[in-house]
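For reference, the structure discussed in these notes is given below.
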Amino acid sequence: MDDERSHGGDERDVVVDADGATSAARYFARERQKRELRRERDAIVVALARDLGERGLAAQLGVTEPVAGQLVAGARARLAGEAYAPAGGEFRARRLGVDPDRWADADAHYQALGSGPALRDRRR
């Protein structure tokens with residue numbers, strides 16, 4: 001009986017091959033990067049709101065003031081480590097003006113983050 005359990009492992013231990021370990025490491029690195037980007041984004045939103053005010057932030061983002069207010073409140077809550085749920089349980093935002101190139105770089109970056117290799121269940 002030469003398996004992981006015979007070497008002191010517990011039968012609940014998960015045995016992952018090298019490919020699975022590499023995929024898992026990539027997945028966790030990507031998730032860590034997304035958390036860091038979210039935190040950085042929240043800090044920037046709060047700083048912009050402090051400098052421009054919510055009205056100025058709304059104008060810069062092309063959204064209404066209530067939407068900018070919810071955006072800032074959510075960013076502040078996340079930076080403080082608190083849970084945030086918008087009033088009414090929903091968060092809807094529509095841009096006041098149409099500018100497809102405005103967010104192209106950010107969209108391309110997040111698309112690249114999400115297009116990495118996916119984890120696969122190797123159990124059979």
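The values are calculated or read from the model by the stated rules, or taken from the named source; none is laboratory data. Since the model is a prediction, treat every value here as computed from it, not as a measurement. In this analysis, Cβ positions are derived from the backbone assuming ideal geometry, glycine residues included, and neighbour counts consider all displayed protein chains.
Restricting to segment 77-113, name every residue that is among the small types (Gly, Ala, Ser), at pLDDT 65 or above, over 14 Å from the mean Cα position of the chain (by Cα) and more than 20 Å from Ala58 (Cα to Cα). Once the filter is applied, which keeps residues that are among the small types (Gly, Ala, Ser), at pLDDT 65 or above, over 14 Å from the mean Cα position of the chain (by Cα) and more than 20 Å from Ala58 (Cα to Cα), segment 77-113 yields Ala80, Gly81, Ala83, Ala108.
Modelled with pLDDT of 65 or more and either surrounded by 10 or more Cβ atoms within 10 Å (Cβ to Cβ) or small (Gly, Ala, Ser) (or both), is that true of Gly74? Judged against the criteria, Gly74 is a match.
For segment 16-40, taking the residues that are part of a helix (DSSP H, G or I) and aliphatic (A, V, I, L, M), the one that is nearest to the chain's Cα centre (by Cα) is identified as Leu37.
In segment 53-65, the residue that is surrounded by the most Cβ atoms within 10 Å (Cβ to Cβ) out of those that are assigned to a loop (DSSP other than H, G, I, E, B) and of a type outside the set (A, V, I, L, M) is Gly62. Does any residue of segment 42-52 turn out to be closer than 22 Å to Ala106 by Cα, in a helix (DSSP H, G or I) and touching an Asp or Glu at 6+ places or on another chain (Cβ under 6 Å)? Within segment 42-52, not a single residue is closer than 22 Å to Ala106 by Cα, in a helix (DSSP H, G or I) and touching an Asp or Glu at 6+ places or on another chain (Cβ under 6 Å).
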